[in-house]
Protein chains: 2
Amino acid sequence: MEFSEAKNKFVQTWGALGSQWGINKTMAQIHALLMIAPEPLSMEDIMEELQISRGNASMNLRALMDWGIIYKEYKPGERREFFTSEKDLDELAVKIAQERSKREIKPALKVLKEVSTSVGGTSAEAKHFTEQTTKLYDFVLKADNMLEKVTEFKDNWLARLVVKIMK
Amino acid sequence: MEFSEAKNKFVQTWGALGSQWGINKTMAQIHALLMIAPEPLSMEDIMEELQISRGNASMNLRALMDWGIIYKEYKPGERREFFTSEKDLDELAVKIAQERSKREIKPALKVLKEVSTSVGGTSAEAKHFTEQTTKLYDFVLKADNMLEKVTEFKDNWLARLVVKIMK
DNA sequence: TTGAACTTTCAAAAATAAATGAAACTTATT
DNA sequence: AATAAGTTTCATTTATTTTTGAAAGTTCAA
């Protein structure tokens, strides 16, 4: 396969994977590009390579930095900013897990807790509701704890995680 | 909190959570509704409760059945079909993991493998590309294996999983 | 302090995804 | 075999998300 074909295929695939997992396509594509770039890239480079507008590039670079998975870099004697990606994949997983927990799961947990503890009454419907939402709360909490624990250890995190959960 | 308010809040929240994780809002809402319904619901019931069209209800019920997380049920003497959800949450997690692996991760892995093994040449760019995409392939494969292993054990899957991975 | 190089913002446009609803289809009943 | 009850399909509409691009904002160098 031609290098350029392989590169393009990779960027497209990473973009598609991202968009299925709640990260927008361009964001994932920029990340893909930075993952395989041997040198930091400028915003121009990225716009050029992905054929996207300046605004789009700017917004998604910002978002990636907010997630903590790419970094700004300054080159001596250069006015422009350059970007590199986090290349340690375990670190990447940790950061994504943290962000998603914070942004999505935590707020949902809050509501689940609220609704699972606030319905009184003795009707079968109400009882069943409380029972089910409580189970869901426990379940989501368990899942979230796992995500969080991942972030506490970088190496061999899985084994340690289990010790912690099972004890 | 009023029962109806709590119910509504729960359905909305589950819907939002779903849509952030790649499952469409209505699909997640229907699932939420079935999770808390003490009795199987008909399509009418669901349309009514969520204020959605017949077509929408039909398509999403179908999708949920394809995922294997809700079931059709027939009541004696009733022409209509009724639906219930999988209420075992571990089973739910297993099914979701299986589906997402099959639909999203497996195809991406195929491409990653392809691009990581097909670029020849000796340029720094090409070498770096091959190196990085190989790492990504291994990483995604590892993640996917974990998802898959989940499906092999229902009870205490985490502990067993670790034994298997660490051995 | 002016202006050139570069970045960010955000209202509007474009692209994408989801929902509607009426017609077609299926299945059971008389 | 005709009808009624119920379900699915899919072209069109609607809602949501993403992208654009031009104006506003920064920062640095002279």
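Here are some notes:
- Flag if A:GLN98 is away from chain B (no Cβ under 14 Å), in a helix (DSSP H, G or I) and open to solvent by 60 Å² or more (accessible area, probe 1.4 Å): yes
- When the residues of the range A:73-90 are filtered to those that are more than 27 Å from A:LEU147 (Cβ to Cβ) and exposed (fewer than 13 other Cβ atoms within 10 Å of the Cβ), the one that is farthest from DNA strand C (Cβ to nearest atom) is A:PRO76.
- Test: A:ILE105 is in the same structural domain as A:PRO38 (by TED's automatic domain parsing), open to solvent by less than 20 Å² (accessible area, probe 1.4 Å), modelled with pLDDT of 90 or more and touching a helix residue (DSSP H, G or I) at 6+ places or on another chain (Cβ under 6 Å): no
- Only residues that are at the interface with another protein chain (Cβ under 8 Å from one of its Cβ atoms) and either of a type outside the set (S, T, N, Q) or surrounded by fewer than 15 Cβ atoms within 10 Å (Cβ to Cβ) (or both) were counted in the range A:108-122, giving 7.
- Search result, residues across the range A:66-93 that are away from DNA strand D (no atom under 15 Å from the Cβ) and outside any strand (DSSP E or B): A:GLY68, A:ILE69, A:GLU86, A:LYS87, A:ASP88, A:LEU89, A:ASP90, A:GLU91, A:LEU92, A:ALA93
- Test result for B:GLY18, within 13 Å of chain A (Cβ to nearest Cβ), part of a loop (DSSP other than H, G, I, E, B) and either in contact with a strand residue (DSSP E or B) (Cβ under 9 Å, 6 or more places away or on another chain) or within 12 Å of DNA strand D (Cβ to nearest atom) (or both): no
- Per-region count, the range A:123-150, residues in a helix (DSSP H, G or I), open to solvent by 30 Å² or more (accessible area, probe 1.4 Å) and more than 7 Å from chain B (Cβ to nearest Cβ): 14
- With respect to (1) more than 16 Å from DNA strand D (Cβ to nearest atom); (2) in contact with a Leu (Cβ under 6 Å, 6 or more places away or on another chain); (3) free of Cβ contacts under 8 Å to residues at least 40 places away in the same chain, the lone exception for A:LYS113 is condition (2).
- Residue list for the range A:35-60, restricted to those being part of a helix (DSSP H, G or I) and either within 9 Å of DNA strand D (Cβ to nearest atom) or surrounded by 21 or more Cβ atoms within 10 Å (Cβ to Cβ) (or both): A:MET35, A:ILE36, A:ILE46, A:MET47, A:LEU50, A:ARG54, A:GLY55, A:ASN56, A:ALA57, A:SER58, A:MET59, A:ASN60
- Selection count where residues are within 11 Å of DNA strand C (Cβ to nearest atom) and within 14 Å of chain B (Cβ to nearest Cβ), scope the range A:41-72: 2
- When A:ALA32 is tested against the conditions (1) touching a helix residue (DSSP H, G or I) at 6+ places or on another chain (Cβ under 6 Å); (2) surrounded by 21 or more Cβ atoms within 10 Å (Cβ to Cβ); (3) at the interface with chain B (Cβ under 8 Å from one of its Cβ atoms), the lone failure is (3).
- For the range B:81-99, the criterion of a residue being among the polar types (S, T, N, Q) and within 22 Å of B:PHE10 (Cα to Cα) is satisfied by at least one position.
- Looking across the range B:19-29 at every residue that is touching a helix residue (DSSP H, G or I) at 6+ places or on another chain (Cβ under 6 Å) and surrounded by fewer than 20 Cβ atoms within 10 Å (Cβ to Cβ), the one that is nearest to B:SER4 (Cα to Cα) is identified as B:LYS25.
The values are calculated or read from the model by the stated rules, or taken from the named source; none is laboratory data. Everything numeric here is computed off the predicted structure, so don't read it as measured data. In this analysis, Cβ positions are derived from the backbone assuming ideal geometry, glycine residues included, and neighbour counts consider all displayed protein chains. Please note that ligands, DNA and RNA were not included when accessible areas were found on the heavy atoms of the full protein model with its side chains. Shrake-Rupley method; radii C 1.70, N 1.55, O 1.52, S 1.80 Å.
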